[in-house]
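The structure under discussion appears below in the form of structure tokens.
The values are calculated or read from the model by the stated rules, or taken from the named source; none is laboratory data. Note that the coordinates shown come from a computational prediction; the quantities given were computed from them, not determined experimentally. A quick note on method: Cβ atoms are made from the backbone with ideal geometry, for glycine too, and the neighbour counts reach across all protein chains shown. Surface accessibility is based on the protein's heavy atoms, side chains included, excluding ligands, DNA and RNA. Shrake-Rupley method; radii C 1.70, N 1.55, O 1.52, S 1.80 Å.
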Amino acid sequence: MKRGRKLGPVLATALVASNMIGSGIFLLPATLASVGSISLYGWVIGTVGALLVAGVLAKLGQLVPEAGGPCSYAANAFGAAAGFQANAIYWVSCVTGVIAIAVAGVGYLENFFPALSSPLPSAIATAVLIWLLTLLNILGPRFVSQFESVTILIGLIPILLVATLGWSYFNPHVFADSWNVSHEPVYKAVPESLVLLFWAFTGMESVSIASAVVENPSRNVPIATVGGVLIAAVVYICACSVIMGLIPASELAKSTAPFADAVTVMFGRVTGGLIALAALTKSLGTLGGWVLMTAQTGKAAADRGLFPRLLGRADDQGVPIRNLLLMAALMSVIVFVTVSPTLGEQFGKLIAISTILCLLVYVYACLALLRYQRWVPAGSALRAWRPVAVAAMAFCAVVIGYADAPSLWLTLAVMIFSAVIYWLFGRRWQVI
């Protein structure tokens with residue numbers, strides 16, 4: 001790809017921040033209402049954990065600046081089998097995440113088309129959004145990143161409105177009454193919220209996955225990774241604290257458009273509709289970025305001979321068109337297979353699975369950093385990063401351990417299935 005077509009530090013950071021500040025912030029308050037405003041503690045802990053993981057990814061991106069991010073790091077450190085499993089797990093995580101983001105977008109679209117509250121119409125609308133953003137990705141990664149840069153500005157309107165003016169309407173009694181709706185001890189309620197809220201931090205690896213389309217990746221990947229996490233964390237903590245004091249947890253749990261509902265409380269229904277439109281626009285931008293990242297994951301694995309070469313074939317702009325089309329078709333099928341009675345229920349299931357799988361890939365990255373220390377030229381300089389990698393890995397393990405049993409069983413099934421697939425077909429894909 002020509003240099004002028006690649007992403008600089010500003011667009012790369014925008015890619016990370018926009019991929020994180022998307023459906024995570026716009027629909028998660030409703031999902032977290034089952035925990036209550038005590039989830040604020042979870043946001044703080046999650047931010048610390050995310051910064052630890054971001055530090056590992058940033059260092060790896062500086063040390064081994066190549067496409068594929070944590071998946072490539074696993075392959076370099078532990079071989080093709082581990083690389084394939086990391087890629088397969090991450091790819092499934094991304095596919096699940098893309099569908100969840102599209103579901104969130106439909107949730108805000110429902111404000112204008114109430115018929116979308118029914119399962120079948122909502123599934124059709126979700127599939128349409130996925131195909132729309134797939135076609136935009138075919139136009140090129142720079143176009144998608146520019147589109148995201150515009151949508152993040154539009155999406156910040158409802159977030160900043162609630163996070164600033166919302167304090168004037170903040171009701172401490174509402175916040176206190178919603179503090180711990182699960183009535184679990186703090187040591188149980190807070191960790192359980194991490195599984196849900198850490199979904200908002202997935203995407204920090206976006207720019208390392210797509211480093212092939214980033215200028216000077218050894219410099220810009222670390223900047224974009226850490227910068228994106230910090231921007232997202234500030235936004236999350238400010239906005240979610242306010243919204244928990246505007247809408248009671250019992251009402252918030254039923255919402256398909258929490259920010260629109262919050263602004264409706266503040267300024268009335270008309271303004272709430274405008275906010276829903278802004279949130280929908282931002283969700284589309286986030287969807288575009290995640291489609292890009294998922295396609296680049298498949299391409300990077302194919303380039304290494306871990307996935308079928310078909311997924312790695314790209315045009316002169318580096319866009320894997322066949323990969324994108326096949327991915328959109330698969331996601332459309334999954335949308336209809338996983339359709340649920342409510343959008344909130346479908347969204348909650350999808351983000352739980354996506355988050356756990358993504359955390360597993362972060363564990364691979366932490367192990368890779370520890371492994372690199374032994375044999376890369378700069379290994380001695382990595383010793384200071386050992387505690388960071390160990391702490392990040394421990395954090396990921398704790399969050400995974402608090403996931404519900406169905407999600408854990410499904411995660412185990414993905415791991416076993418990926419190992420079997422590699423054993424049966426892995427080497428053959430190098431020539432497909």
query = Restricting the search to the stretch 416-430, which residues are open to solvent by 80 Å² or more (accessible area, probe 1.4 Å) and either at pLDDT 85 or above or in contact with a Lys or Arg (Cβ under 6 Å, 6 or more places away or on another chain) (or both)?
reply = 416, 417
task = Kindly establish whether residue 337 is modelled with pLDDT under 85, within 14 Å of residue 103 (Cα to Cα), β-branched (Val, Ile, Thr) and over 19 Å from the mean Cα position of the chain (by Cα).
result = yes
key: Tally of residues being open to solvent by 70 Å² or more (accessible area, probe 1.4 Å) and touching a residue at least 60 places away in the same chain (Cβ under 8 Å) across the stretch 169-197   = 6
remark   = When every residue in the stretch 311-331 that is open to solvent by less than 20 Å² (accessible area, probe 1.4 Å) and in a helix (DSSP H, G or I) is compared, the one farthest from residue 257 (Cα to Cα) is 312
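Could you list, in sequence order, the residues of the stretch 51-102 that are of a type in the set (Ser, Thr, Tyr) and in contact with a Pro (Cβ under 8 Å, 6 or more places away or on another chain)?
90
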query = What are the residues in the stretch 230-242 that are over 27 Å from residue 178 (Cβ atoms) and open to solvent by less than 10 Å² (accessible area, probe 1.4 Å), if any?
reply = none
remark   = Flagged in the stretch 110-148 as of a type in the set (Asp, Glu) and modelled with pLDDT of 80 or more, in numbering order, are 110
query = Restricted to the stretch 243-268, and to residues that are polar (S, T, N, Q) and out of contact with any Gly (no Cβ under 6 Å at 6 or more places or on another chain), which residue is least open to solvent (accessible area, probe 1.4 Å)?
reply = 255
request  = Examine the stretch 10-26 for a residue that is over 25 Å from residue 413 (Cβ atoms), at pLDDT 85 or above, in a helix (DSSP H, G or I) and in contact with a Cys (Cβ under 9 Å, 6 or more places away or on another chain), and state whether such a residue exists.
outcome  = no
